[in-house]
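Input: a single structure, listed below in structure tokens.
The values are calculated or read from the model by the stated rules, or taken from the named source; none is laboratory data. Here the structure is a predicted model, which is why all the values come from computation and not from measurement. All Cβ positions, glycine included, derive from the backbone under ideal geometry; neighbour counts span all protein chains shown.
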Amino acid sequence: EAGVTQSPRYAVLQEGQAVSFWCDPISGHDTLYWYQQPRDQGPQLLVYFRDEAVIDNSQLPSDRFSAVRPKGTNSTLKIQSAKQGDTATYLCASSRDWGTYEQYFGPGTRLTVL
Amino acid sequence: GDSVTQTEGLVTLTEGLPVMLNCTYQTAYSTFLFWYVQHLNEAPKLLLKSSTDNKRTEHQGFHATLHKSSSSFHLQKSSAQLSDSALYYCAPNTDKVVFGTGTRLQVSP
């Protein structure tokens, strides 16, 4: 089966610009996660969905970040007005809602904000 | 809630020596534990998933045994290779996983 796909793979922005990341999870995986991974740190959960519903977005900076999964399949994470502190790799992962919650990660989008 | 404690920071080894990365857990709900591995400039990927109590699971030369009596799921390998250098995360099977900083394994010649 195809893995989790993400695009773009890289993005370079000036502070204040907006950017969107796209994720296509593994077919049949109900749960989708977005993580932020700064350099030399572990993945930090931003938000996760079960189908189209947001289950937890408590770590998502709501003033500038937003995430949607309108049909319960693909998802988009958007940063409005990026800051240098947003420089990180953004990882998308998916898992089956039932079962063991094994997470399968996409290759990530490496964001640099200048 | 469910949580794990794993070897912190950096573990350095010479190639050929055995690997052991510790993971202990406190879990109220989860029934499995995982080890994920993240190589440099790659995404994390599942390395091992626990099985039943006291049963060893193996993958790619690594193995771990879930011991409920000691709440442990330590990752082991008999002989480290240079390619094992990576970040390793122990995690419970909950829908909201906190990865922490992981354990960095550095294998040198």
- line: Considering only strands (runs of 3 or more DSSP E) wholly within the stretch A:8-114, the ones with at least 2 residues that are of a type in the set (S, T, N, Q), within 18 Å of B:Tyr36 (Cβ to Cβ) and within 11 Å of chain B (Cβ to nearest Cβ) are A:31-37, A:88-95
query: Can you pull out the residues in the stretch A:65-84 that are under 24 Å from A:Val12 (Cβ atoms) and touching a residue at least 24 places away in the same chain (Cβ under 8 Å)?
result: A:Ala67, A:Asn74, A:Ser75, A:Thr76, A:Leu77, A:Lys78, A:Ile79, A:Gln80, A:Ser81, A:Ala82, A:Lys83, A:Gln84
query: For A:Val47, are the conditions met, namely being surrounded by 14 or more Cβ atoms within 10 Å (Cβ to Cβ), touching a helix residue (DSSP H, G or I) at 6+ places or on another chain (Cβ under 6 Å) and farther than 22 Å from B:Phe32 by Cβ?
result: no
One residue from B:Ala43, B:Ala91, B:Ala64, B:Ala86 being without any contact (Cβ under 8 Å) to a residue 24 or more places away in the chain and of a type in the set (Gly, Ala, Ser): B:Ala43
query: Can you find even one residue in the stretch A:54-64 that is at pLDDT 95 or above and either among the acidic types (Asp, Glu) or within 11 Å of the chain's Cα centre (by Cα) (or both)?
result: no
- line: The correct count of residues that are assigned to a strand (DSSP E or B), within 17 Å of B:Phe99 (Cα to Cα), of a type outside the set (A, V, I, L, M, F, W, C) and at pLDDT 85 or above in the stretch B:1-34 is 5
Residue ranges of strands (runs of 3 or more DSSP E) in the stretch B:35-109 with at least 3 members within 9 Å of chain A (Cβ to nearest Cβ) and within 20 Å of A:Ser95 (Cβ to Cβ): B:45-49, B:86-92
